[in-house]
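Taking it in order: structure first as structure tokens, then the write-up.
The values are calculated or read from the model by the stated rules, or taken from the named source; none is laboratory data. Keep in mind it's a predicted model, so treat the numbers as computed, not measured. Don't worry about glycine lacking a Cβ; one is built from the backbone with ideal geometry, like all the others, and counts go over all protein chains shown. These accessible areas exclude ligands, DNA and RNA; they are computed on the full protein's heavy atoms, side chains included. Shrake-Rupley method; radii C 1.70, N 1.55, O 1.52, S 1.80 Å.
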Amino acid sequence: MQVEIPGPLRRFAEIVEEPVYMVGGAVRNALLGLTRADLDAAGALPPEVVEARCRQAGLPLSRVNRSLGTVGAVIGGETVEYTAFRAERYAPGGAHVPEEVTLGASMAEDAARRDFTVNALYADCGSGRVLDPTGGLADLKTRTLRQTSDTTLCSDALRILRMVRFACELGFAIDPNTFDTAQAYAGGLADIAPERRREEFDRILLCDTRYPGSGHDEQRSVLRALHLVTALGAWPYLIPEITDGRDQAQRPDHHRYTVMEHLFHACAAAPADRVMRLAALLHDIGKPACLARTGKLWEHDLIGEPIARQRLEALRYPNAVTDEVCALVRYHMYDIQGTARESTLRTRFATWGRPLTERLIVMREADIRGCGTDDGYTNERWRALYARMCGDGTPFSEAELKISGGEIMRAARIDPGERVGRIKRELFLHCARHPGDNTNKRLIALAGQMGRSRNSGV
């Protein structure tokens, strides 16, 4: 069996002048007909020899780690990452970092240190011939993920999350013994750095987008991925409160699913965007705690926001992502009955700004679809009003007002200070409701009235 070797890898093999092998996802994807993965190479040459030959050929080096046997070379604008055949030994606990690395290993030993058999395939960069030390070709044929050895998952627990991701990106089944091992050693995720857990979790939430040309089915879905995380017992190391709603039933006239299942289905219904998928997964995270505290679900959005923030911060999400997600959790119940006046909604939308308003509209639709009772719901009233506001010149920030701070001071006859900001805020809220007044002439007149009026509230 042969695969086509990409040009940068062929050139790399010519430069090092020794047998070099394309390895990992690049071989797997070539055999599956999927888009190319990273250009990873392996071989018996020590890293210092590869480094010297790359330098001699004038190749830029992206990174060199001699202790791990790794050399990254840039060829034709792409990075080829070479790793010398090696064996690894991990300390107990599954902390992801090898305790000992031994270079000079055989291909079989190198294959045994990799995660899954379908990722332990090697293709000669000269001939394209595929070598299979662990039985990956048979597993590729049956579309099965199988660990390369009995220590694969217990020595590096991050591979448990990678297993979920690969299974749902590729639409593969998981070998039962491999699944049982992952389930038994899921506790090792506690030893993985939060940032690494977050990176894999993000990829899991977007697993259905990795290979868009290969079709979408239940095997390639975020819903399947979330159920796998549950079955493996991995939520305590991601978002522990998710499983609090596993058995919490909801009103049958509104919800087909328990709280946990509703969160999963809403997440799957949300657009393929990190913030939207996280927000959909967390929007009702406060329901179990709210019910326990008050016996009701009223204000579960208020209780859920700090829970969401705590968990996102624990996984080291960027502040901007955390703030966006928490705002969606906080406001997803606003005007849930659809009775707010248009003037009130205008003020809200303008105050929230365009990005949050747009996300909340979509969030509400994913929430409803995730109930399992009305898949065709669209938030027509909010969508229509938001479209009108975007078309009628409504300002969505104070910076969009057609008046400057200096003009406010001159019109209101006031000195610099807090009062200028208060008048500007009042003008902004006024124009949210009356967008036609957002002209320089009209705003100067309004600012003058506010400056003269003792009862303006500013």
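Quick one: putting +1 on the C-beta of Lys and Arg, -1 on the C-beta of Asp and Glu, what dipole do you get for segment 251-354 around its Cα centre, in Debye to the nearest 20?
Once rounded to the nearest 20, the dipole reads 40 debye.
List the residues whose amide H sits under 5 Å from the amide H of Leu131, counting only those 5 or more places along or on another chain, with H placed 1.01 Å from N in the peptide plane.
Tyr122, Ala123, Asp124
How about the chain: what cysteines have no other cysteine beta carbon under 4.7 Å from their own?
For the chain, the answer is Cys54, Cys125, Cys154, Cys267, Cys290, Cys326, Cys371, Cys390, Cys431, because their Cβ atoms have no other cysteine Cβ under 4.7 Å.
Is it possible to state the helix-based mean residue ellipticity at 222 nm for the chain, with each DSSP H run of 4+ residues giving -39500 (n - 2.57), the sum divided by total residues, to the nearest 500 deg cm²/dmol? What is it? Present the calculation step by step, with values, prior to reporting the outcome.
Values: 21 runs with 222 residues, N = 458.
For the chain, the value works out to -14500 deg cm²/dmol.
Relative to the first principal axis of the alpha-carbon coordinates of the chain, what is the inclination of helix 300-314, with its axis defined by its Cα atoms, in degrees from 0 to 90 and to the nearest 10?
40 degrees
Work out the length of the dipole vector of the chain about its Cα centre, built from +1 on the beta-carbon of each Lys and Arg and -1 on the beta-carbon of each Asp and Glu, and round it to the nearest 20 debye.
Result for the chain is approximately 2160 debye, rounded to the nearest 20.
Per residue, how many Å² of accessible area does the chain show with a 1.4 Å probe?
Solvent-accessible surface per residue comes out at 45 Å².
Which whole-number percent is the relative contact order of the chain (Cα, under 8 Å, 6+ apart)?
9 percent
Give me the count of lysine pairs in the chain whose alpha carbons sit under 16 angstrom apart, restricted to pairs 8 or more positions apart or on different chains.
Lysine pairs satisfying the spacing and distance rule in the chain number 4.
Across segment 170-184, in residue order, what do the Karplus-derived ³J(HN,Hα) couplings come to in whole Hz, using 6.51 cos²θ - 1.76 cosθ + 1.60 with θ = phi - 60° and x for Gly and Pro?
Each residue of segment 170-184 in turn: 8, x, 8, 7, 10, 3, x, 5, 5, 4, 4, 5, 4, 5, 5 Hz.
³J(HN,Hα) across segment 54-60 via Karplus (A = 6.51, B = -1.76, C = 1.60, θ = phi - 60°), whole Hz, x for Gly/Pro?
5, 5, 4, 7, x, 7, x
Amide H to amide H under 5 Å from Ile174: which residues, 5+ apart in sequence or cross-chain, H placed 1.01 Å off N in plane?
Residues meeting the criterion, in which the H sits 1.01 Å from N, are Leu145.
Restricting to DSSP loop positions (anything but H, G, I, E, B) with no more than 16 other Cβ atoms inside 10 Å of their own Cβ, which trypsin sites (Lys or Arg not before Pro) remain in segment 1-79?
Arg36, Arg66
How large, in percent, is the carbon and sulfur part of the accessible surface of the chain at a probe radius of 1.4 Å?
48 percent
Compute the angle between helix 259-269 and the longest alpha-carbon principal axis of the chain, please, reported from 0 to 90 degrees and rounded to the nearest 10.
So the helix axis and the longest Cα principal axis differ by about 80 degrees.
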